[in-house]
Amino acid sequence: MIRFFRLGERLFRWPHLALFVSQIRGMIQQNMDSAIRLLRTATWHVVAVWYLVAPLCAAVVYAVLAPARHRAARRKIARVAEAS
């Protein structure tokens, strides 16, 4: 999640924000409205980066797993054919 947060900062040219749980709590205690706006924007940046990265991850997973899935399907077809 933090990596996506950092990538979102770069993608949207936002200044680097060092956010820790204690800082988030402090922000909320000081000014809840601005904290919510800041965190909402940061969350949308994370979502945007995820939308860009997820299809690439899915393609890599498919490319890695597809050959094994095809081998397993061929073995099953061969077993069914032998049993018939």
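Just so you know, all these numbers are worked out from the coordinates, no wet-lab data involved. This structure is a prediction, so every number in the text was calculated from the model and none was measured. For neighbour counting, all protein chains shown are included, and Cβ atoms are generated from backbone atoms with ideal geometry for every residue, glycine included.
So the values come out like this:
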quantity	calculated
Listed candidates (i) 1.13; (ii) 1.73; (iii) 1.91 - label of the one calculated as Cα Rg over 2.2 N^0.38 Å	(iii)
Helix-derived mean residue ellipticity, 222 nm - over the chain, DSSP H n ≥ 4, -39500 (n - 2.57), to 500	-30000 deg cm²/dmol
Candidates per trypsin sites (Lys or Arg not before Pro) in the chain, loop by DSSP, up to 16 other Cβ within 10 Å	ARG13
Modelled FRET efficiency - R0 35 Å, ALA59 with TRP14, Cβ distances, 0.05 increments	0.80
Helical segments meeting 18 Å axial Cα length and Kyte-Doolittle 0.5 threshold in the chain (DSSP H)	32-83
Local net charge near ILE28, Cβ-Cβ under 13 Å (Lys/Arg +1, Asp/Glu -1)	+2
Loop-resident sites, the range 19-67, for chymotrypsin sites (Phe, Trp or Tyr not before Pro), counting at most 12 other Cβ within 10 Å (DSSP)	PHE20
Local net charge near THR43, Cβ-Cβ under 13 Å (Lys/Arg +1, Asp/Glu -1)	+1
